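One structure is given here, and the rest of the page talks about it.
The values are calculated or read from the model by the stated rules, or taken from the named source; none is laboratory data. Not measured: the values here are computed from a predicted model. All Cβ positions, glycine included, derive from the backbone under ideal geometry; neighbour counts span all protein chains shown. Areas reflect the complete protein model, heavy atoms only, side chains present, ligands, DNA and RNA absent. Shrake-Rupley method; radii C 1.70, N 1.55, O 1.52, S 1.80 Å.
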Amino acid sequence: MRNRSNRLPGRRTFLTGAVALGATTLLPRGLFADTGWPILRAAPSTAQLAPAGYPATSVWAYATEGAGRVPGPEIRVTAGDRVRRQLANDLPQATAVHWHGIRIDNAMDGAAPLTQAAVAPGASFDYGFIAPDPGTYWYHSHNRGQEQVARGLAGPLIVEDREPWLGLPGAATRELTLVLDDWLLDADAAIVEDRWDDLHAASHDGRMGNTVTVNGAAYPDLPVRPGERLRLRIVNTAIDRIMLLGLPNLSARLIALDGHPVSPRDVETLLLAPAQRADVVIDVPSQDDGTHGLLLDPGNGAWVEVATFRSDGAPVAPGEGEVRPLHAWGTLAPPDTSDPQRERLLMEGGAMRGIAEATYRGERMGFRKLASNGMVWAFNGMAHGMKTPMFRAPLGRTVHLEMVNRSIFPHAIHLHGHHFTVLSRNGAPDPHRDVRDTVLIGGDETLEIAFVADNPGQWMIHCHMLSHQASGMMAWFEVA
Ligand code: C2O
Ligand code: CU
Ligand code: CU
């Protein structure tokens with residue numbers, strides 16, 4: 001049964017949403033830049049996020065042609081191929097595109113202001129890079145993300161394997177990308193716009209929305225065939241919401257995390273922090289013309305059906321036996337942890353605990369002064385530590401990073417340009433040694449990760465709860 005508890009409070013008259021954003025001049029743009037590269041345009045648009053009967057919502061969105069959509073258009077390449085897009089900024093704010101999880105050339109990382117200046121309204125920027133690793137990735141704004149991603153600037157980036165997996169014995173026959181997002185909408189389905197830098201939310205678990213969408217729609221139906229074995233590529237693009245998902249009665253097996261193959265394992269539920277991805281294989285029962293839910297726990301234990309797999313049509317040959325693992329990922333040497341460079345990341349701040357003092361913009365400050373500067377979190381005693389690197393690693397060195405969360409809130413720590421192995425949680429070796437680009441660390445937990453610093457440049461490390469990132473949980477490291 002469908003729990004409607006996170007539905008919008010009520011419906012009302014039509015909104016006049018587009019008016020507020022009308023300040024931008026929309027330059028006529030073609031589909032291709034002068035260089036011949038496809039355009040990725042960022043611009044105000046509208047989307048029917050809330051269920052039928054509610055007005056459309058004014059969003060900021062990416063487009064390759066026509067109007068912008070949320071999520072942004074799926075970019076799909078084969079591993080080893082070059083992605084080329086010219087970002088055309090038709091927003092009223094400067095922006096930059098980050099290609100999350102791609103072990104990318106530093107200059108193309110889009111991590112404003114570290115790797116490039118944000119692109120001014122009306123200006124453009126050429127992104128061209130190789131996508132080396134197959135998997136499920138995504139792209140999103142990396143300037144004022146707590147506002148720009150919340151307004152809709154995110155889309156899937158799928159890197160297909162050079163050798164196809166779909167259709168092989170034991171593999172799925174079809175795949176679906178499911179982009180999950182969380183929106184804070186008012187009763188007219190308009191995005192709540194006056195609380196982008198709300199310190200109360202930032203010092204707790206961030207800006208929680210009230211409408212979860214799947215591929216830009218509330219409670220969509222996803223047609224499936226009886227017997228079908230499907231690969232789901234699930235992406236959490238919410239700015240702050242950790243999503244606990246359930247896929248009951250579909251024999252769900254996890255096959256990849258953050259793009260990386262794992263040996264297939266049964267999963268009744270999946271915990272996806274902001275920016276994390278999970279690839280899951282499901283088997284639709286073959287004697288079936290019913291429905292199955294993609295469920296989400298909004299935090300109160302009441303599962304909400306956020307999308308419905310509707311089984312319809314003639315049955316297809318059912319998935320055969322054990323799920324076939326994805327092709328092993330060959331490009332990353334597992335870190336040799338015998339003599340690593342040891343680094344530590346201490347997280348402090350937030351409600352209940354706070355921080356006594358921290359350095360912000362070179363100045364030592366107490367809690368009140370930090371808060372008056374919008375800072376409520378610190379990494380190693382630095383709020384928004386962007387002046388100097390947190391650490392430097394020589395190219396090729398293995399880094400062992402101990403991450404200590406002294407706050408009571410969970411954080412989703414993300415490293416740019418690298419993938420890391422999760423070694424342990426609270427001293428217990430991680431049974432799976434998953435390779436990830438974003439890891440969830442619970443309140444008062446300690447996590448150890450290791451990675452080979454094999455990508456030269458200046459790389460951000462931050463909490464991917466974008467409200468936490470904006471209020472202090474941001475730093476960088478240098479590989480040279
Ligand atoms: Cu997905 Cu620094 O970001
Ligand atoms: Cu990233
Ligand atoms: Cu955080």
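With semi-axes defined as the square roots of five times the eigenvalues of the C-alpha gyration tensor, the equivalent ellipsoid of the range 154-208 measures 40, 14, 10 Å, largest first.
With the convex hull drawn over the C-alpha atoms of the range 19-160, the volume per residue is 111 Å³.
Per residue, the average separation of C-alpha pairs within less than 8 Å and at least 6 apart gives the chain a relative contact order of 14 percent. Ligands, DNA and RNA are left out, and with a 1.4 angstrom probe the accessible area of the chain is 39 Å² per residue. For THR213, the residues whose amide H sits under 5 Å from its own are ASP181, ASP182, TRP183, ignoring neighbours fewer than 5 places away on the same chain, with H placed 1.01 Å from N. Shown for the chain: the carbon plus sulfur share of the solvent-accessible area, taken with all protein chains present and a 1.4 angstrom probe, equals 51%.
In the frame of its principal axes, the chain has Cα extents of 67, 58, 51 Å, reported largest first.
Within the range 287-357, which GluC sites (Glu not before Pro) sit in a loop by DSSP and count at most 16 neighbouring Cβ atoms inside 10 Å? When the GluC sites (Glu not before Pro) of the range 287-357 are filtered for loop state and at most 16 Cβ neighbours within 10 Å, GLU320, GLU322 remain.
Here the sum of -39500 (n - 2.57) over DSSP H runs of 4 or more residues, divided by the residues of the chain, equals -1000 deg cm²/dmol at 222 nm, to the nearest 500.
In vacuum, with every alpha carbon of the range 343-480 counted as one equal point scatterer, what does the Debye formula give for log10 I(q)/I(0) at q = 0.10 Å⁻¹? Two decimals, please. Per q value, in the given order, log10 I(q)/I(0) is -0.31.
The packing ranking of peptides 249-255, 447-453, highest mean first, is 447-453, 249-255, where packing means the average number of other beta carbon atoms within 10 angstrom of each residue. Amide hydrogen proximity for THR269: with H placed 1.01 Å from N in the peptide plane, no residue at 5 or more positions away or on another chain lies under 5 Å.
Of all DSSP bridge pairs formed entirely within the range 19-160, close to 75 percent run antiparallel.
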